[in-house]
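Chemist: Pasting a structure below so you can have a look.
The values are calculated or read from the model by the stated rules, or taken from the named source; none is laboratory data. Worth saying up front: this structure is predicted, and the values here are computed from it rather than measured. Please note: Cβ atoms are built from the backbone with ideal geometry, for glycine as well, and neighbour counts cover all protein chains shown.
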Amino acid sequence: MAFVCVNLIVIAQAPQIDGIWKSSSGNQFQVEKNNLGFLYKNTQNEFVIQAYFIGNNFGVPSYRADFTDGSFQLYMVQSSNKITTSNSYDPNTIGTWVKIKSSSQDQNQNNNKQYNGNFNNSSSSGKQCGVCKGSGWSNSVVWAPNYTGEPVEDVWCEICKAYRKPHTHKPCYSCGGTGQK
């Protein structure tokens, strides 16, 4: 009898997380998945934050949001109705977000604000973000590594509007990349 060893790779399917969530601290957030991870907006102050997908840890999709003070928040999507969170300042304290309304519902059960599933058309003021001047991008750059040591030519950057060494920009921390406040 011969045995065949087969490596199975299981890719965890990310649960549907669009909707309104309530944190264990009482805050409510509008969550919208995007190609980087997900955006979330505090429904009280409409502050938008981008959380970036960082991988599947033990089959649990995990995300991270970096803040201007150097701290970060981790988000582990346990199911389509539960997200656990941990902050770098106090990593032993685990918070919980519970979905109170999915994007398919018409009204928020708690505050009757309309959720339309689109941050650009949501109840924000529509004013241009003062930090990024509406571009949606941070002015700080992340330089591309040069592993060869060879000279690297400057390339045009649409965000900087100049020729510079290869680099990228992160979405604006203030508006989460929307360009609006």
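Chemist: I'd like the residue in region 32-48 that is buried (at least 20 other Cβ atoms within 10 Å of the Cβ) and of a type in the set (A, V, I, L, M, F, W, C) and, out of all such residues, is nearest to GLN128 (Cα to Cα).
Modeler: Only one residue fits best here, namely VAL48.
Chemist: Collect the residues in region 136-162 that are surrounded by 10 or more Cβ atoms within 10 Å (Cβ to Cβ), of a type outside the set (A, V, I, L, M, F, W, C) and without any contact (Cβ under 8 Å) to a residue 40 or more places away in the chain, keeping them in residue-number order.
Modeler: SER138, ASN139, ASN146, ASP154
Chemist: Return the residue satisfying two criteria in turn: it lies in region 1-55 and is modelled with pLDDT of 85 or more and acidic (Asp, Glu), and of such residues it is farthest from LYS170 (Cα to Cα).
Modeler: My answer is ASP18.
Chemist: If you don't mind, there's one more thing I want to ask. Give the residues of region 119-135 that are at pLDDT below 50 and either of a type in the set (D, E, K, R) or in a loop (DSSP other than H, G, I, E, B) (or both), sorted by residue number.
Modeler: Residues satisfying the conditions are SER122, SER123, SER124.
Chemist: When you go through ASP69, ASP106 one by one, which is the residue that is exposed (fewer than 11 other Cβ atoms within 10 Å of the Cβ), at pLDDT below 90 and over 23 Å from LEU36 (Cα atoms)?
Modeler: The conditions single out ASP106.
Chemist: May I pose another question? Given the conditions (1) out of contact with any Lys or Arg (no Cβ under 6 Å at 6 or more places or on another chain); (2) part of a strand (DSSP E or B); (3) modelled with pLDDT under 85, and given that SER138 satisfies all but one, which numbered condition is not satisfied?
Modeler: Unmet for SER138, out of (1) out of contact with any Lys or Arg (no Cβ under 6 Å at 6 or more places or on another chain); (2) part of a strand (DSSP E or B); (3) modelled with pLDDT under 85: (1).
Chemist: Now for a different question. Name the single residue, out of those in region 145-181 being basic (Lys, Arg) and under 21 Å from LEU36 (Cα atoms), that is modelled with the lowest pLDDT.
Modeler: The residue in question is LYS181.
Chemist: Here are some residues: LYS165, LYS133, LYS170. Which one is touching a residue at least 24 places away in the same chain (Cβ under 8 Å) and either among the basic types (Lys, Arg) or loosely packed, with under 13 Cβ neighbours inside 10 Å (or both)?
Modeler: Going through LYS165, LYS133, LYS170 in turn, the sole match is LYS170.
Chemist: Inspect all residues belonging to region 92-103 and state whether any of them is surrounded by 15 or more Cβ atoms within 10 Å (Cβ to Cβ), β-branched (Val, Ile, Thr) and at pLDDT 85 or above.
Modeler: Checked region 92-103: at least one residue is surrounded by 15 or more Cβ atoms within 10 Å (Cβ to Cβ), β-branched (Val, Ile, Thr) and at pLDDT 85 or above.
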